[in-house]
1. If the reach is capped at under 26 angstrom between alpha carbons, list the lysines near residue 119, excluding any in the same chain fewer than eight residues apart.
2. Dividing the alpha-carbon Rg of segment 66-167 by 2.2 N^0.38 Å yields what?
3. Shape call for segment 235-294 from the C-alpha gyration tensor, a ≥ b ≥ c root eigenvalues: rounded (a/c under 1.5), prolate (a/b greater than b/c) or oblate?
4. In µm²/s, what is D for the chain at 37 °C and 0.692 mPa s, where D = kT/(6 pi eta Rh) by Stokes-Einstein and Rh is the Kirkwood radius from Cα pairs?
5. Rule-of-thumb check for segment 154-341: C-alpha Rg over 2.2 N^0.38 Å?
6. What does the net charge come to around residue 247 if you take all other residues with beta carbon closer than 15 Å to its beta carbon, with K and R at +1 and D and E at -1?
7. Roughly how compact is segment 395-466, stated as its Cα Rg over 2.2 N^0.38 Å to two decimals?
8. Taking just the alpha carbons, could you work out the radius of gyration and Dmax for segment 206-315, both in angstroms?
Amino acid sequence: MATPKEILNPLRNSVSYSLDASPTATFHSPPATGSFMASLAMRAAAKQLKPFNTEDIKILLLENVNQTGRDILTAQGYQVEFLKTSLPEDQLIEKIKDVHVIGIRSKTKLTAKVLQEAKNLLVIGCFCIGTNQVDLEYAAKQGIAVFNSPFANSRSVAELVIAEIITLARQLGDRSLEMHRGTWNKVSNKCWEVRGKTLGIVGYGHIGSQLSVLAEAMGISVIYYDVVSLMAIGTARQVPTLDALLDEADFVTLHVPETPETKNLLSTKQFELMKDGAYVINASRGTVVDIPALVKAMRAGKIAGAALDVFPNEPAANGDYFTTDLNGWAEELRGLNNIILTPHIGGSTEEAQRAIGIEVADALVRYINQGTTLGSVNLPEVNMRSITLDESNHARIIYIHRNVPGVLRKVNEILGDHNVDKQISDSKGDIAYLMADVSDVRHEDIKDIYDSLDSLSSRIMTRVLY
Ligand SMILES: NC(=O)C1=CN([C@@H]2O[C@H](COP(=O)(O)OP(=O)(O)OC[C@H]3O[C@@H](n4cnc5c(N)ncnc54)[C@H](O)[C@@H]3O)[C@@H](O)[C@H]2O)C=CC1
Ligand SMILES: O=C(O)C(=O)COP(=O)(O)O
């Protein structure tokens, strides 16, 4: 519990940067380069709100989050600890106990078991697209917001896949390896142009549709399968089933999220349905392809080549880890011809990582300083006009609560003695998020409001910013 001094003077080292949380503001992915200083400067105008009931904000950044993100968070005066790798579960549990914010990428598993130890945690930043590594529902039930970067690395993945399509069709990986070993092996047998071939895209979202445009520019025909009906770009064509796609495609590439439905989406039966000599590309999640079944299909010559960027078990750090200790079939994969194996680098470009750093760090700052949940993947999206510099005795109340009848009446009884300038509330499933700005409040009032709200039975998390 904070001392009265801490209550009046939290976040001592903070600097006065804050975002204008205009309700009409919309989010755009930040430009990839050159915008970082502009992004910092943009933040100079509005009033800095301080959390009433927490001490200095402590942030743990894992998995080598880009410098852009680190700089934005450090400039806020937050205490930022940065690690290049992810952490094993026991160390993660120890570290997460203490922090208000954690920033991760695709490796760190924030399970219910880990999150239940995170008593101070306000928000999780996934500095990537996928959020399958986080138990989103459990986080929401604890009032922990989760943000990601929905499309800042999509182009990078699409470009990698284009490179892989040609590399597989021309067996470039094998020729290059042979040359590295000193062997000249000039062959044209089963090497193809990609012009006129058919690319089957499974999952026509941000990455799939971007890839569609690039592939058509090279004279490739594009078909796609998605669980929802989506507008075709260019002359691409949606097909009704996965089987229909497998039947027609020369190249099959996967761009679906990791869900129970996408586990082993390509397995023995699907490989059998594919054309003889077709190619498989997976830069989505390792669980989406049944790898032992792929090994069999490649040994049988049914599948002529594959590119895998993702694996069911991926190491936490760089090093000699791609062995059978990590995945039982690693040696078998390494022994196949015409297979490109990459260490989950689909989104690993300077452009993507810089843009993600800015986008996710900005979302975290908005959430910490303003309570704005726009872009959150697990809480209702709520935004409200900022408290301005001339509104000195205002406080922003954030009350995350179970979505049950009668809560608003109780909240408004508590706020009723004050002037509520503006208020907004929204829910997502069982969780509701209420934000209210009250004016003419003294610090003692803030404590009363905080304590009263925090003792309601519907409470998940109470925050007061002032
Ligand atoms: N290799 C890497 O470094 C990267 C990998 N990824 C992975 O790629 C995935 C896709 O990314 P985005 O295109 O940005 O996602 P997205 O959400 O924009 O698109 C996914 C599409 O898959 C569809 N879908 C979902 N379940 C399906 C199913 N069972 N069958 C067919 N379609 C299904 C959805 O309707 C949606 O259109 C991410 O979830 C992430 O796991 C993302 C970025 C980098
Ligand atoms: O954005 C994603 O979902 C990715 O898979 C990329 O993950 P990474 O940031 O490279 O750990």
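Read-outs: derived from the displayed coordinates by stated rules, not from any lab. As the structure is a computational prediction, the values presented were derived from the model and not from experiment. Using ideal geometry, Cβ is built from the backbone for each residue, glycine included, and neighbour counts are taken over all protein chains shown.
1. By straight Cα distance, residue 119 reaches 5, 50, 58, 84, 95, 97, 107, 109, 141, 410, 428, 447.
2. Values: Rg = 15.3 Å, N = 102, 2.2 N^0.38 = 12.8 Å.
Here the Cα radius of gyration is 1.20 times the empirical estimate.
3. Numbers: a/c = 1.68, a/b = 1.22, b/c = 1.38.
Here segment 235-294 falls in the oblate category.
4. Stokes-Einstein gives a translational diffusion coefficient of 135 µm²/s.
5. The reported ratio for this selection is 1.00.
6. Working: positive: 197, 237, 269, 275, 302; negative: 243, 248, 250, 272, 276.
Combined, the nearby Lys, Arg, Asp and Glu give 0.
7. Working: Rg = 11.2 Å, N = 72, 2.2 N^0.38 = 11.2 Å.
In units of the 2.2 N^0.38 Å rule of thumb, it is 1.00.
8. 13.6, 40
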